[in-house]
Amino acid sequence: MNVAPLPVIRLKPNANARALRRGYPWVYSNELVLDRRTKALAPGTVALLEDNERTPLGLVGFNGASKIAGRMLDRDIEAVIGRDWLAARLARALALRETLFATPFYRLVHAEADGLPGVIIDRFGDTAVVQANAAWADVLIDDLAAALAEVAGIANVLKNAGSRGRALEGLDAVDAVLLGAAPEAPVPVEMNGAIYMADLTGGQKTGLFYDQRPNHAFAARLAPGRRVLDVFSHVGGFALASLAGGAVSALAVDGSAPALALAEEGASRMGADDRFATRQGDAFEVLTALAEEEDRYGLVICDPPAFAPSKPALEAGLRAYERVARLSAGLVEEGGYLVLCSCSHAADLGAFTGACLRGIGRAGRRAQLVNTGFAGPDHPLLPQLAESGYLKALVFRL
């Protein structure tokens, strides 16, 4: 039993209580009765959610300052949301990852799909990087760090506060060490035979993108004997996997000099630096320049940031994906392969595929779609939440 009665928040009569009962995890602010008492609740308060007939639906993390005002934490209204509860959720998440992976390098918690709404945790051996992108988790972040140490034996817990989600929740943008110490150097991570250098304190997001692991592996199968171009490469993503797979050379393009330096270090540790080169610059400008140089590659990959991070940005985002497809398709040799990726949840698979095919067609090329990839199994989907299935990777033979 909860030691004190929780505050109650209530749905409006026209709110979709049925979806919540069937597993949808979010309650929008315009679905709630936001009276003076409810508006006075501190962001991150755990509250009892009721429908308009006062029937309990579950416990939610409440944030009246967010468009997503309630995030479903537990259907059991007797649950106590604290360290023990967090430890139980983490143990369940850990069991899946330990089944899937032989070494402790993976996404340990994928937000709503792992029952911890808004929480992202990437694991790098004995260090974890946490993004608490919801107010309830930010309030409990010290308990979360302690539970990580207890359940997974994590020695170092870092808070990464640079996400768009935290800004939307009205949370601070201050990184911190919650437990132990931050690593003094980038952490080497082996995936698909390649070595990636993850900067856990100064890199993008949590330092490495684990979600592309299976798509890196598929691309690597196409790489033997081919020249590879990896655009929006970050710390070497597809390029290093392709080198591990037998590519004769790989060129990594990115706007970030520090990211490319990490890619170079990874190639060196793999003993592949003689086959690896980098080119810093705006991706669209580099693609245009390579076309003017009449360069051709057997495998070209473009894995850009989210061009359509929200529905209002969808139309412009699809135009950007079409442009990437058009510019990159012309660089693929006859019979070669083009991998086009999107991490925009607002652009569903059909819309993204359409944009890619328009771009390939405008480049005067014809394509076979040979593989459609998604995020790895350490990024599970919550079926009721389309946003949890954001990553698409299309492999075309031109």
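The values are calculated or read from the model by the stated rules, or taken from the named source; none is laboratory data. Since we're looking at a predicted model, the values are computed, not measured. Cβ placement follows ideal geometry from the backbone for every residue including glycine, while neighbour counts extend to all protein chains displayed. Calculation scope for accessible area: heavy atoms of the full protein, side chains included, ligands and nucleic acids excluded. Shrake-Rupley method; radii C 1.70, N 1.55, O 1.52, S 1.80 Å.
Pick from 195, 301, 77: which residue has the top mean-square fluctuation in a GNM of the chain where Cα pairs under 10 Å get a spring?
The residue that fluctuates most here is 77.
Order 103, 278, most accessible first, counting only protein heavy atoms with a 1.4 angstrom probe.
Details: 103 75, 278 45 Å².
My answer, sorted largest first, is 103, 278.
With unit charges on the beta carbons (Lys and Arg positive, Asp and Glu negative) and the dipole taken about the Cα centre of the stretch 300-383, which residue among 371, 307, 359 sits farthest to the positive side?
Highest projection toward the positive end goes to 359.
Percent relative contact order of the stretch 71-228, based on C-alpha pairs within less than 8 angstrom and at least six residues apart? Could the numbers behind the result be given before it?
Numbers: 233 pairs, mean separation 25.3, N = 158.
For the stretch 71-228, the relative contact order is 16 percent.
Please give every one of the aspartates and glutamates within straight-line cross-link reach of residue 205, meaning a C-alpha to C-alpha distance under 14 Å, and leave out same-chain neighbours fewer than 8 residues apart.
Those aspartates and glutamates meeting the cut-off are 122, 175.
Please give the helix 257-269 orientation as an angle from the longest Cα principal axis of the chain, in degrees from 0 to 90, rounded to the nearest 10.
Long axis of 257-269 versus the principal axis of the chain: about 70 degrees.
Within the stretch 289-356, list the GluC sites (Glu not before Pro) lying in a DSSP loop whose Cβ has at most 10 other Cβ atoms in a 10 Å radius. All intermediate terms of the calculation are to be shown ahead of the outcome.
Numbers: sites: 292, 293, 294, 315, 322, 333, 334; in loops: 293, 294.
Of the GluC sites (Glu not before Pro), the ones in loops of the stretch 289-356 whose Cβ has at most 10 other Cβ atoms within 10 Å are 293, 294.
Not counting ligands, DNA or RNA, and with a 1.4 Å probe, what is residue 348's accessible surface area in Å² rounded to the nearest 10?
90
Using only C-alpha positions, report the orientation-averaged shadow area of the convex hull of the stretch 93-189, nm², one decimal. Numbers along the way, then the final one.
Numbers: hull surface 24.2 nm².
In nm², the orientation-averaged hull projection of the stretch 93-189 is 6.1.
Over all directions, what mean area does the Cα convex hull of the stretch 289-364 project, stated in square nanometres?
Projected area, direction-averaged: 4.8 nm².
Can you find, among 344, 243, 158, the residue farthest towards the positive end of the dipole of the chain? Put +1 on the C-beta of Lys and Arg, -1 on that of Asp and Glu.
344
What residues have an amide H closer than 5 Å to that of residue 389, excluding those fewer than 5 places away on the same chain, when H is modeled at 1.01 Å from N in the peptide plane?
none
Only Cα pairs under 8 Å and at least 6 apart count here; give the relative contact order of the chain as a rounded whole percent. Intermediate results must be reported in sequence, preceding the final value.
On the way: 885 pairs, mean separation 43.0, N = 398.
Worked out over the chain, it gives 11 percent.
Which one, 231, 27, 129, has the greatest fluctuation when you compute a Gaussian network model over the chain with C-alpha springs under 10 angstrom?
27
Rounded to the nearest 500 deg cm²/dmol, what is the calculated helix-only ellipticity per residue at 222 nm for the chain, with -39500 (n - 2.57) per DSSP H run of length n ≥ 4? Mind showing how you got there, number by number?
Numbers: 12 runs with 121 residues, N = 398.
Computed ellipticity for the chain at 222 nm equals -9000 deg cm²/dmol.
With angles folded into 0 to 90 degrees, how steeply does helix 213-222 sit against the dominant principal axis of the chain? Use alpha carbons for both and round to 10.
Once rounded, the angle reads 20 degrees.
Of the listed peptides 360-367, 132-139, what is their order by residue-averaged count of other C-beta atoms within 10 Å, with the highest listed first? Please list the in-between numbers first.
Details: 360-367: 16.1, 132-139: 24.9.
Packing order, densest peptide first, comes out as 132-139, 360-367.
Check each of the chymotrypsin sites (Phe, Trp or Tyr not before Pro) in the stretch 29-109 and keep only those in coil by DSSP with at most 10 other C-beta atoms within 10 angstrom; list them in order. Write down the numbers at each step before the final one.
Details: sites: 62, 85, 101, 105, 106; in loops: 101.
Here no loop site has a sparse enough neighbourhood.
When only C-alpha pairs under 8 Å and at least 6 residues apart count, what is the relative contact order of the stretch 4-108, in percent?
Numbers: 147 pairs, mean separation 24.1, N = 105.
For the stretch 4-108, the relative contact order is 23 percent.
Run the 1.4 Å probe and let me know the accessible area of residue 67, rounded to the nearest 10 Å².
150
What percent antiparallel are the DSSP beta bridges of the chain, to the nearest 5?
On the way: 44 of 70 bridges.
Around 65 percent of the beta bridges assigned by DSSP in the chain are antiparallel ones.
Using alpha-carbon positions, what is the distance between the centroids of the stretch 70-114 and the stretch 217-291, in Å?
When both Cα centres are located, 35 Å separates them.
How do 114, 35 rank by accessible surface area computed with a 1.4 Å probe, from largest to smallest?
On the way: 114 15, 35 60 Å².
Correct descending sequence by accessible area is 35, 114.
Report, in debye and to the nearest 20, how large the dipole of the stretch 259-338 comes out about its Cα centre when Lys and Arg carry +1 and Asp and Glu carry -1 on their Cβ.
Values: 8 positive and 15 negative charges, 84 e Å.
Approximately 400 debye in magnitude.
So, taking all protein chains as they sit and a 1.4 Å probe, how much accessible area belongs to residue 126, in Å² rounded to tens?
80
Above 19 Å lies some portion of the pair distances; for the stretch 118-166, what is it as a whole percent of all C-alpha pairs? Intermediate values should be presented prior to the final figure.
Values: 205 of 1176 pairs.
Result: 17 percent of Cα pairs exceed 19 Å.
Using only the C-alpha atoms of the chain, find the volume of their convex hull and express it per residue in Å³. Kindly include the intermediate steps, with their values, before the conclusion.
On the way: hull volume 54.3 nm³, N = 398.
Spread over its residues, the Cα hull of the chain gives 137 Å³ apiece.
In straight Cα distance, which lysines are under 20 Å from residue 12, not counting same-chain residues fewer than 8 positions off?
39, 67
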